[in-house]
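A short write-up of the structure that comes next.
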Amino acid sequence: MKIEKRWILSFTIITIIAITGLFWQHQPANASLFNSPETINFADVAWLLTASCLVLLMTPGLSFFYGGMVGKKNVISTMLKSFICLGVISLLWVVVGFSLSFGDSIGITIDGKTYGIIGNPFQFAFFDQVETLPHNALGTTIPFILFALFQMKFAIITPAIITGALAERIRFISFLLFICLFTLFIYTPLCHMIWHPNGLLGSYFGVKDFAGGTVVHMSAGFAALAGVIVLGKRKNSEHIPTNIPFVLLGTGMLWFGWFGFNAGSALAANATAAMAFATTTIASASAMLTWVFFDRLNGRKVSALGACIGAVVGLVVITPSAGFVSIPQSMFFGFIGAIVSNKMVYWKKLKQIDDTLDVFACHGVGGIMGMILTAIFAQGENASLLHGGISVFGHHMMALVLVSIFTFGGSYLLFKLTNIIIPIRVSEESESMGLDLSQHGEKF
């Protein structure tokens with residue numbers, strides 16, 4: 001059997017990374033950047049270890065959530081695209097991703113201060129300096145290695161979310177290339193700009209994103225929209241979901257893992273984590289019921305699929321504000337987010353571009369709604385529109401436009417580049433056969 005050059009190149013890359021790791025001269029921690037061991041809070045460590053596990057569980061949960069929705073010939077291929085992110089992005093994060101996200105800021109200088117667009121790619125390469133002491137600005141009571149691993153789980157699930165839009169027609173090796181490019185050129189700069197202490201959007205614009213509504217869901221949603229435009233429609237876009245119990249299982253795993261996603265983003269075992277835990281589950285409950293009842297008002301039956309989608313939309317919408325709003329407000333977040341996303345899911349113009357599992361309508365629009373609602377309701381003096389922060393609201397809206405253009409336009413170019421290097425769409429014969437057999441030689 002003839003082995004394609006692209007697979008030889010893929011194996012060569014992982015070989016180079018592994019051998020480089022073997023001989024890498026690890027740089028010890030720079031004492032000026034880190035606190036003493038006495039500043040470690042063991043309760044915070046225990047909670048962040050748990051939260052990291054919960055966020056990791058979300059990616060397998062997402063695979064079940066998506067896998068149950070697609071046609072029978074594409075279950076395995078759809079699930080694998082989520083699972084493979086656990087391997088690809090984990091290594092990429094260690095090699096350079098974490099450094100690009102949280103290394104010293106490289107950006108623009110305004111009034112004598114540098115506001116970061118991207119991190120120094122060499123500072124934490126191969127996890128240099130990423131050891132057991134707490135960083136003095138990033139997770140100040142937990143080992144820096146734990147902070148890096150917690151953030152890694154967010155980087156893993158973001159490209160996995162995109163897979164639902166591209167299901168049933170994207171070539172596997174092309175997907176691997178795209179998620180690497182997406183992580184390096186879309187996710188890491190966005191992560192740095194919002195979550196690094198000197199990031200342009202977080203520090204200068206004052207954008208609030210507690211746990212990833214912008215960094216994760218908006219970026220994935222707009223990338224999904226760009227992807228389906230480049231890929232084009234499936235030959236047969238009509239199908240019945242194969243396994244609704246898979247969707248229910250995946251939803252349960254996502255909801256469970258989301259407590260680590262949101263409450264863990266407090267980076268401490270404290271009151272903020274407890275409040276984020278509460279707002280997360282209440283927003284999801286509100287959105288689930290709203291979706292079900294709104295479906296009935298529009299003449300659709302109450303469905304398990306609809307209940308699951310509604311619950312996930314609620315989780316998405318509350319994510320950027322989980323630690324910034326009250327429980328009663330979280331009910332409204334879930335309610336309004338579910339209605340808007342439901343309308344988008346059934347919008348005929350969006351259906352025409354064939355977003356297979358409505359990723360943009362749920363994650364992209366949910367992230368947008370979360371960002372807008374955060375700018376309106378976030379608590380604290382001058383923190384949002386309703387608390388005297390008119391300029392904060394304006395900055396959020398400007399950032400919303402910038403992020404939308406950056407994530408959609410950047411992802412569109414990356415999909416085009418990927419298609420030039422390796423054609424991203426499978427052949428008509430492979431699509432008709434189903435990707436499980438044609439791409440992986442396996443059958444559900």
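Taking R0 as 45 Å, what's the FRET efficiency between Leu9 and Lys351 from their Cβ-Cβ distance, rounded to 0.05?
0.75
In Å and whole numbers, how far do the C-alpha atoms of the range 247-338 stretch along each principal axis, longest first?
45, 26, 14
Once Rh for the range 140-215 is found with the Kirkwood sum over Cα pairs, what is the Stokes-Einstein diffusion coefficient at 10 °C and 1.306 mPa s, in µm²/s?
114 µm²/s
Compute the Cα gyration tensor for the range 10-150, then decide on rounded, prolate or oblate, letting a ≥ b ≥ c be the square roots of its eigenvalues: rounded whenever a/c is under 1.5, prolate when a/b is larger than b/c in the other cases, and oblate in all that remain.
Prolate shape, in that a/c is at least 1.5 and a/b is the bigger ratio.
When the Cα atoms of the range 8-49 are enclosed in a convex hull and the volume is divided per residue, what value in Å³ results?
Per residue, the Cα convex hull of the range 8-49 comes to 131 Å³.
How large is log10 of I(q)/I(0) for the range 20-93 at q = 0.13, 0.24 Å⁻¹ when the intensity is taken from the Debye formula with one equal scatterer per alpha-carbon?
Evaluating at q = 0.13, 0.24 Å⁻¹ gives log10 I(q)/I(0) of -0.68, -1.06.
Long-range amide H contacts for Gly199: which residues qualify at under 5 Å (H placed 1.01 Å from N, peptide plane, sequence gap of 5 or more or a different chain)?
Gly116
Using a 1.4 Å probe on the protein chains only, how many percent of the accessible area of the chain belongs to carbon and sulfur?
68 percent
Could you please state, rounded to a whole Å, how far the C-alpha centre of the range 421-439 is from the C-alpha centre of the range 330-345?
35 Å
Give me the distance in nm between label points sitting 7 Å out from Cα along the Cα-to-Cβ direction at Met433 and Leu386, one decimal.
In this crude spin-label approximation the distance works out to 5.6 nm.
Taking a threshold of 25 Å on the Cα-Cα distance, which of the pairs Lys81/Lys235; Lys72/Lys153; Lys233/Lys343; Lys73/Lys153 fall above it?
Exceeds cut-off: Lys72/Lys153; Lys73/Lys153.
Taking the solvent-accessible surface of protein heavy atoms with a 1.4 Å probe, what is the per residue accessible area of the range 199-290 in Å²?
Spelled out: the 1.4 Å probe surface of the range 199-290, per residue, equals 33 Å².
Please report the Cα spread of the range 90-220 along all three principal axes, rounded to whole Å, starting with the longest.
49, 32, 24
Percent of alpha carbon pairs in the chain separated by more than 36 Å?
24 percent
In the range 341-444, how does Rg compare with the Kirkwood Rh, expressed as the Rg/Rh ratio over alpha carbon atoms?
Radius of gyration relative to Kirkwood radius: 1.16.
Take each of the peptides 140-146, 198-204, average the number of other beta-carbon atoms within 10 Å over its residues, and list them starting from the highest.
In descending order of packing, they fall as 198-204, 140-146.
Using a 10 Å cut-off on Cβ atoms, rank the peptides 121-132, 39-50, 90-101 from the highest mean neighbour count down.
Final packing ranking: 90-101, 121-132, 39-50.
Quote the accessible area belonging to Lys113 in square angstrom, nearest 10, computed with a 1.4 Å probe and with ligands, DNA and RNA left uncounted.
80 Å²
The values are calculated or read from the model by the stated rules, or taken from the named source; none is laboratory data. Model, not experiment: these values are computed from the prediction. In this analysis, Cβ positions are derived from the backbone assuming ideal geometry, glycine residues included, and neighbour counts consider all displayed protein chains. SASA here: full protein model, heavy atoms, side chains in, ligands and nucleic acids out. Shrake-Rupley method; radii C 1.70, N 1.55, O 1.52, S 1.80 Å.
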